[in-house]
1. So for segment C:128-223, averaging the separation of alpha carbon pairs under 8 Å that are six or more residues apart and normalising by length, what relative contact order in percent results?
2. At a 10 angstrom cut-off on C-beta neighbours, averaged per residue, how do the peptides B:322-332, A:114-124 rank from highest to lowest?
3. Gap in Å between the Cα centre of segment B:510-581 and the Cα centre of segment C:141-213?
4. Kindly provide the helix-only [θ] at 222 nm of chain B, computed as the sum of -39,500 (n - 2.57) over DSSP H runs of four or more divided by all residues, to the nearest 500 deg cm²/dmol?
5. Within a 10 angstrom radius of each residue's Cβ in A:84-93, how many Cβ atoms of other chains show up on average? Whole number is fine.
6. Ballpark to the nearest 100 Å², how much total accessible area do A and C bury together, probe 1.4 Å?
7. Counting only other chains, and only Cβ atoms inside 10 Å, what mean value do you get across the residues of B:709-718?
8. Roughly how many Å² is the accessible area per residue of segment C:182-299, as a whole number, for a 1.4 Å probe?
Amino acid sequence: MIIVRVNGREQTFEPAADTSLANMLRDEAGLIGVRVSCAEGECGACTVLLDEQPVTSCLMLAHQAAGREVTTIEGFGSPEHLHPIQQAFIEEQGFQCGFCTPGFIIAAAAFLAENPSPTEAEASIAMSGNICRCGAYPYIVRAVMTAAERLRGATA
Amino acid sequence: MSATINDLAALRDGSKTDQRLSTPARDAFTIVGKGVPVKDAIEKVTGSIKYGVDFAVPHMAHGKILRSPHAHARIVRIDTARAEAIPGVYGVVTHEDAPGGTWENAWFNYRGRIMDGTARFVGDEIAAVAAVSAEIAEHALAAIDIEWEILPAVFDPHEARKPGAPQIRDEGNERDAYVVEWGDIAEGHDLADVLVESDVVFASQQYASIGRNACVAEWMNDRVTLWTSSQTPSELRDGVHEAFEIPLSKVRVMALPSGSSFGSWWSANFMLVTVMLAKKIRRAVKIELSNAECMGTVKRRHIEHTRGRMGAKRDGTLTLAQFDHVIDNGAYGFKDDVGFFCVDMWGRALHGDYQVHAVNTNLVTAGCMRGVGDITLGSAVERTANRVAAELDIDPIEFRLKNQIRPGEPLRMRHSLHNMDCSVEEYLAGIPEELRAEWPELFHLSSGSTAEILTTGAEAFRWSERWQGWGKPDSVDGPLRRAVGVGTGAHVCGVEFEGSSSAVVRINGDGSAKVHASCGRQGQGSETTLSQVAAEELGIPFTMIEIETGDTDSCPWSHGSLASNTLYRIGWAVRAAAKDAKRQLLEIAGREVFHLAPDELQVVEGVIAPVDGSQPGVSVEDVMNMLRLADTLGQTSSITGRPATPMPPSTAFARHFAAHFAEVEVDIETGEIRLTDYLATQDSGTIVNPQVMKNQVIGGAICGAGFALFEELHFGDDGRVLNANMLDYKLLRCADFPHQAGVIFGDSYDPVGPFGARGAGEAPMAASVAAIQAAVFNATGVWVELPMTPERVLTAMGVI
Amino acid sequence: MSTTTTEIARFTYVRPTDLAAAVAAGAAAGPGGRYWAGGTDLMLEWQRKQRPIETSIDITGLTELRGILIDPSEIRIGALTTLAEIERSAALHPDLESLAAIAAVMCTPQTRTLATVAGNLCNASPAADLAPPLIVLGARIATATSDGGRELELEDLFTAPKQTVLTDGELLTHITIPLSGQRAASYGRIARTVVDIALTLSACSLTLDQQGTVSAARIAFGSVAPTPLRALSGEQLLLGKTLAELTPALLAEAAAAAAGDANPIDDIRTSAAYRRHTVRVLTQRALAKTVARLSRGGDQ
């Protein structure tokens, strides 16, 4: 049995030795916002924050999350109180089908935490760890820039 | 970057786009033309939306599919006893359990029986196991014992056409050729001052949908319900009905949104295998595909080979277009006569002859993928036309303005004619006059073209400044060469071959309305744009409209989201249903409340009022409640509207168009290509939602750019897919495409589509491939085979 | 359906918290044991059933194997240092600049959080991105076993694709980069999209002695041989030359000689011919960049 702090609450899990963090979060915690597509660390859909750092949860053993803090998209905003990044993705329509969107939003959050005032080119590179097959990339970059502005405003 | 980008700022933020929606009809729109956020935006950004892989029912079993290791083989004997004995296994199905019916996926992929004891590609469905967990089901697959008779296999479509080739299908390997001819090719040759020959091979593109798919099926007594991600809920219901030979009324498909799709998730055999398992074990069962299964065993774009020629007079008039095009259908593809709307776009050529030969091979099934035909044959025609223009030293935009179709001109593709066994005139004579009254002239383009968008786009892209002539870069910096290119694309706007798409609109007692329209939700915004169409027609606020797209029990039959069908044909049906509902509402309101004729009333923002303002308005809710409680007939509780007539046959008049402008930088020592600037222009009639449309257009450009640069399925000597993964099937990423790319919309107004709108999503793919290919030619002076990998660039340049 | 359970093949997971316990676990596990750090390669190998694993020894709790230490004579990089940490290390020392630049284009940001330096090396892919830039910096590796350990040149680690000289239970603990006089390093890398395994990679370094002549030259390649490869043939031409003598023509000659050491194959990513050609182009460019850096350094 392991204890993981998931979206601010401690939870216990009993993953098999070879269960990925992504599958544990989906199957045991019901966090379907952790999307699994390629399951090989390429698409980034399964991105979650592990102690505030972005990780491809499909490639990580669930057991390695023991005692650590995991944040999934479910820990970001609620429909009534969206996170500024979520709000920016809606306004700029930085998505189409939406499957990759939680991964992009979390990758954006990690990026903006490190670089609160990025250039568009930096944002574009930072968003390249995720794949949007629908091709919303230009609007994803704009969403990140809009969110950056809002987040800077909020902390000013 | 370049000044163009600044010029485009106004276009990007939508302000200029909105200005373009300036015809009087559009000025009156309240919700059509507005870039409202998509209806499911909050579910998508909070991760709560459920796709096929997220769906579950209590106590369901989990299934896994045994797939053929051979490209072509017959099962001599299959023994499932060991697998069935494994603890945790509920049941196993093989071809011996397969129902006798045969099924097809639209009319493109004819499967036959779900399993028939023969494997026709590596990965073909052979058997399946249901168990308490997916792991146990997978474990049990290894305990199914099979004795195979290996059959000769064929992977090359040219080989598969030859006499004596291994026969993959009972119907034979080759479909009837699809032929489009006009004029006299010999005369076209005689008239030509220049003649250019082409020979282009296209690798197979993989849909590579993000999100995989799963199917849950539950068989209850003699009925079945399926939950899966599908663009074509009605077609899937039809397939289950055909394969299991049960009435349509006993099949319910609950289609869920899909993670992208591009044609991959119509109906797929794995869904029917799930139903077989559910029927056998009498318990709900879920089959969730791995990414490797999605990319290696479902479908892919055809491998295609174009050979042909184009000729022109010295003044640039095309005198002939003659192409022979071979496509491989893989094992279960059955495509013969769809796609290829480039034939229409370049239909001004004085003489034409296009022949398409579709051939089965022992590769995984090929199916229609976004831009089918127009990204392949279309880009080959573009390339050939460009070479003609280069010979004549004519600017590519001028050449297109001279040679591409305009409204009112004949369409060369005659799909519907193939379905008629008489002349157009005889066919029309049989159509009731009141139906025909609203039909545009058949086999002529009703509206839209490349002309306006080419002109507007060229100006915004500063084409005349940047274009240096054919094969000439506009800047050289050591090994780096930059150049621009332009490309055009066209595609259909839905098809009517299998029947008219229908829809239902219901006005509820509280004044809200629900649309029931069977279509896909793969990110193209159908739930939003169809709701905007309904809201505009009904006069009920957009926020009061909801839509059901996936439930075949409530949605009437529709072709679903294929062939750029959704907004044009389903949107037409939604508008017609809304009109019908509004007519009923106003008839009752006129009779019971206002004592006026229905045409003296209007609905604005949910309030019914006389057009002349002679009486105060009453909300739809109040009218509905008054009626429900007290109308004289005592019969009204809700109002249901449906289209009273079928939509006109739109393949016979409607097309959408794209013109794209690309700048590339090529490193001529390493062959690397970088996209450095991009502008996409689009003629889709009225833009119902500019936010949705710009995403569709740029998404198409990026998917096309992927096909132009990197995307290619590799097959082993045994026919196996070698790169059914995202490590070696390369998809463009954010920084691979210019983030400042702009979008401009044309200004045409469609005479038939809802509020002047047409289809949208496929022409951008074709234009993108053509534009990037031309830009690379201008940078390097050579035509590079697709996908234009660094290696192919250096090979074309003779460096390696 | 029977009620007994079906055994699904899994590995045993152990998580030692110090080096001694880790190598003891490694020794106990024998050939079925795998040290598991970021696990980004191992997870895929396991799921694809490419490599049987009986015991997964999670070493991420070994804090002593983390981080970068710099002293006057060497840079010491702990085995568990992540690619994300390497990516951010450029400011720590000039010798880390090319390493950091390469790390920044490896896999994705969210995988770089997990993946470790030692994992990239021990996975022994011919395309291992960190191997060539470390080899040209003269990197050595240190290992530990339950009965000791050893040090060896990094270039001697690799024996074949996915194969190293490490024995069962032997754990790579850290990498050292010996510091030397005036050194500059550069690399060139070709990939398909912005996130990709390298189709070809070339790294080089040049060290000047106090007289301003090249006292050490190193060239190393990725993705052009069964293992990361040191290209000795090109290095000889550069030794003993002054910066002024390192003309474009000489660099081209050295690059061509180095490229002759490549032994690439055709695969679905690209052809041997492309690799052979571009490894020469990349080497020539990397050498030119390196010379430019040294020239700039001389001006200061």
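1. Computed value for segment C:128-223: 30 percent relative contact order.
2. B:322-332, A:114-124
3. 60
4. -7500 deg cm²/dmol
5. That works out to 4 on average.
6. Using a 1.4 Å probe on protein heavy atoms, the buried area is about 2100 Å².
7. 1
8. Computed with neighbouring chains in place, this is 36 Å² per residue.
The values are calculated or read from the model by the stated rules, or taken from the named source; none is laboratory data. Keep in mind that what you see is a predicted model, and the values were worked out from it rather than measured. Note: ideal-geometry Cβ built from the backbone for every residue, glycine included; neighbour counts use all protein chains shown. All accessible areas refer to the heavy atoms of the entire protein, side chains included, with ligands and DNA or RNA removed. Shrake-Rupley method; radii C 1.70, N 1.55, O 1.52, S 1.80 Å.
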